[in-house]
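Undergrad: I'd like to ask you about the structure that follows.
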Amino acid sequence: MNAQTRTAHHTSALVLFSGGQDSTTCLAHALARYPRVETLGFDYGQRHSVELQARTVVLQKIREQFPAWAGRLGEDHLLDLAVLGKVSETSLTRDMAFKMEASGLPNTFVPGRNLLFLTLAAALAYRRDIQVIVTGVCETDFSGYPDCRDDTMKALQVALSLGMDHRFLIDTPLMWIDKAQTWQLAHDLGDGTGVADGGNALVDLIVEHTHTCYLGDREHRHDWGYGCGACPACELRARGWAGYRAA
């Protein structure tokens with residue numbers, strides 16, 4: 001299904017929006033395609049809970065700086081998912097050092113997180129009569145999480161559509177691009193808004209106001225944004241920025 005056909009048949013989207021770089025790029029992607037867009041965040045006891053504050057700032061800045069998108073951007077939802085933090089023993093929900101586990105996965109992997117996120121997103125989308133769920137999962141430039149893979153998304157799309165008797169589309173605009181291409185995608189989306197120098201404006205917004213660092217560091221400012229500079233999320237973001245700037 002090409003972009004024009006998809007847009008013609010899908011008029012509403014719910015974006016899983018954490019307030020980070022990837023989900024902000026996904027939000028821009030949705031706002032460029034769907035007439036009605038809502039956002040959903042989760043409070044699951046994450047160490048980097050500062051992202052929950054970043055969410056509201058980013059939404060406000062998008063409304064202020066991109067008038068063509070402001071009219072499409074609807075209600076924001078935040079769900080309490082504290083139970084996920086209670087059942088998981090990971091470096092995202094506990095005060096522990098980042099490391100690789102015997103399984104080959106980093107201990108930043110929160111088992112079941114995306115499965116729960118998407119199930120709850122589908123339940124909300126069902127109630128809100130929303131057709132598309134947009135998420136920033138990626139298996140091109142990622143930490144190996146199995147619940148970010150394309151096969152997982154396809155399986156979930158089928159299961160959720162069957163289980164709720166509502167034909168959902170799970171839209172994954174970042175699935176096959178790396179972090180450098182994610183920066184470029186944001187620039188291209190911003191350019192399409194009609195705002196003067198909109199591409200650089202959206203990139204600057206992402207640099208200054210989103211939050212991606214796993215440690216919640218908002219003290220250290222880098223060319224690519226705020227963060228500790230050493231956690232896996234910061235390393236991916238910095239490497240992507242360098243590739244984007246070199247292109």
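The values are calculated or read from the model by the stated rules, or taken from the named source; none is laboratory data. The structure displayed is predicted, hence computed values, not measured ones. Cβ: placed from backbone, ideal geometry, glycine included. Neighbour counts: every protein chain shown.
Undergrad: I need every pair where a residue in segment 188-213 that is modelled with pLDDT of 95 or more has its Cβ under 6 Å from the Cβ of a residue that is aromatic (Phe, Trp, Tyr) and surrounded by 19 or more Cβ atoms within 10 Å (Cβ to Cβ), sequence separation at least 6 or different chains.
TA: Close Cβ pairs (under 6 Å, with a partner that is aromatic (Phe, Trp, Tyr) and surrounded by 19 or more Cβ atoms within 10 Å (Cβ to Cβ)) amount to THR193/PHE66; VAL195/PHE66.
Undergrad: Of the residues HIS187, HIS166, which is assigned to a loop (DSSP other than H, G, I, E, B), out of contact with any strand residue (DSSP E or B) (no Cβ under 8 Å at 6 or more places or on another chain) and either of a type outside the set (A, V, I, L, M) or buried (at least 22 other Cβ atoms within 10 Å of the Cβ) (or both)?
TA: Details: HIS187 fails: assigned to a loop (DSSP other than H, G, I, E, B).
Among HIS187, HIS166, only HIS166 is assigned to a loop (DSSP other than H, G, I, E, B), out of contact with any strand residue (DSSP E or B) (no Cβ under 8 Å at 6 or more places or on another chain) and either of a type outside the set (A, V, I, L, M) or buried (at least 22 other Cβ atoms within 10 Å of the Cβ) (or both).
Undergrad: The conditions are (1) under 20 Å from THR182 (Cα atoms); (2) surrounded by fewer than 23 Cβ atoms within 10 Å (Cβ to Cβ); (3) not basic (Lys, Arg), and GLY45 fails exactly one of them. Which is it?
TA: (1)
Undergrad: In segment 19-31, which residues are out of contact with any Gly (no Cβ under 6 Å at 6 or more places or on another chain) and either surrounded by 24 or more Cβ atoms within 10 Å (Cβ to Cβ) or not in a loop (DSSP other than H, G, I, E, B) (or both)? Please lay out each step first, then the result.
TA: Of segment 19-31, the ones out of contact with any Gly (no Cβ under 6 Å at 6 or more places or on another chain) are 19-21, 24-25, 27-31.
Result: GLY19, GLN21, THR24, THR25, LEU27, ALA28, HIS29, ALA30, LEU31.
Undergrad: Next up: Filter segment 112-157 down to the residues that are part of a loop (DSSP other than H, G, I, E, B) and small (Gly, Ala, Ser), then identify the one that is surrounded by the most Cβ atoms within 10 Å (Cβ to Cβ). Steps first, answer last, please.
TA: Taking segment 112-157 first, the residues part of a loop (DSSP other than H, G, I, E, B) are 112, 129-131, 135-145, 149.
Then keep just the ones that are small (Gly, Ala, Ser); that gives 112, 136, 143-144.
Numbers: GLY112: 13, GLY136: 23, SER143: 15, GLY144: 14.
In this case the residue turns out to be GLY136.
Undergrad: Name the one entry in MET175, MET153 that is over 24 Å from LYS61 (Cβ atoms) and out of contact with any Asp or Glu (no Cβ under 8 Å at 6 or more places or on another chain). Please lay out each step first, then the result.
TA: Details: MET175 fails: out of contact with any Asp or Glu (no Cβ under 8 Å at 6 or more places or on another chain).
Within the list MET175, MET153, the selection yields MET153.
Undergrad: Regarding segment 130-142, can at least one residue be identified that is under 26 Å from VAL50 (Cα atoms) and modelled with pLDDT under 80?
TA: Just the residues of segment 130-142 that are under 26 Å from VAL50 (Cα atoms), to begin with: 133-139, 141-142.
Retained after the next criterion (residues that are modelled with pLDDT under 80): 141-142.
Checked against the condition, which is being under 26 Å from VAL50 (Cα atoms) and modelled with pLDDT under 80, segment 130-142 yields at least one hit.
Undergrad: Residues to consider are SER23, SER49, SER12; find the one that is closer than 20 Å to ALA121 by Cα and at pLDDT below 90.
TA: Numbers: SER23 fails: at pLDDT below 90; SER12 fails: at pLDDT below 90.
Just one listed residue meets the conditions, SER49.
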